[in-house]
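Structure first, commentary second.
The values are calculated or read from the model by the stated rules, or taken from the named source; none is laboratory data. Since this is a predicted model, take the numbers as computed values, not measurements. Cβ sites come from the backbone with ideal geometry, for glycine too, and all protein chains shown count toward neighbours.
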Amino acid sequence: MKSIFGTLILLVASITLFSQGDSLDYTKAPKAQMVINVDGQDHYLTEGDELLLDSTKRNSALSVKLADYRSFNNSAISFSYPSDFTFEYQDYPTFRRWKFNGSTFDILYFEMLENTILADFITTFNMQFGSQNCTVEDYRKIMGNTVLNGSKISVKLQDRVLDINFFEIKLGDEKSRFIAFQDVLSAGSEPTFERVKTMEMIDRTIKYLIN
């Protein structure tokens, strides 16, 4: 006799969340990820998904918790980031910017509306701090099995240093895309734990969706 399956619909009414819609509304924060444990087995779902349960098991043990990550996808790149980061989206006259804010570490992703050279963009970016306070050097990093070329910027801010790594993402079309990772450090200190943990997550999950 075939098993009869019930449907568990995840309703998170007690949590106020912005959600990334089915049509990939990239201007809003991605949906929350959840871990549903049924009889000792974890199931990973996105907010609003349905989980089919075997209704023949009358005494199943069920627990629900938020996952420690969210997944960003704007149809050009995707990656996971810590779920406690806040989300910002901003339209500017010449580019669009997504920002994911942690306690000391931020992720910034830029899509330019016209072809832009990274060095020129960094020069403009540094003007807000004063070029005399900024040190720039070439830098490259393997991220998601892809080598990204960019620049490492150190900005002196009194007793702290703003450490920023800028990279260009080339996806085979005519758009210019840049991603930056920004950390606030005490002078002479090592990268924060938040930075190390987040970079490991991004490196493990980043995908380049246009080629």
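For SER186, state whether it is of a type outside the set (Phe, Trp, Tyr) and free of Cβ contacts under 8 Å to residues at least 40 places away in the same chain. For SER186, the condition - of a type outside the set (Phe, Trp, Tyr) and free of Cβ contacts under 8 Å to residues at least 40 places away in the same chain - is met.
Report yes if PHE87 is under 24 Å from MET199 (Cα atoms) and of a type in the set (A, V, I, L, M, F, W, C), otherwise no. For PHE87, the condition - under 24 Å from MET199 (Cα atoms) and of a type in the set (A, V, I, L, M, F, W, C) - is met.
Could you list, in sequence order, the residues of segment 97-108 that are more than 16 Å from MET201 (Cα to Cα) and either crowded, with 17+ Cβ neighbours inside 10 Å or under 11 Å from the mean Cα position of the chain (by Cα) (or both)?
TRP98, LYS99
Residues in segment 170-195 that are at pLDDT below 95 and of a type in the set (A, V, I, L, M): how many? Number satisfying all stated conditions: 4.
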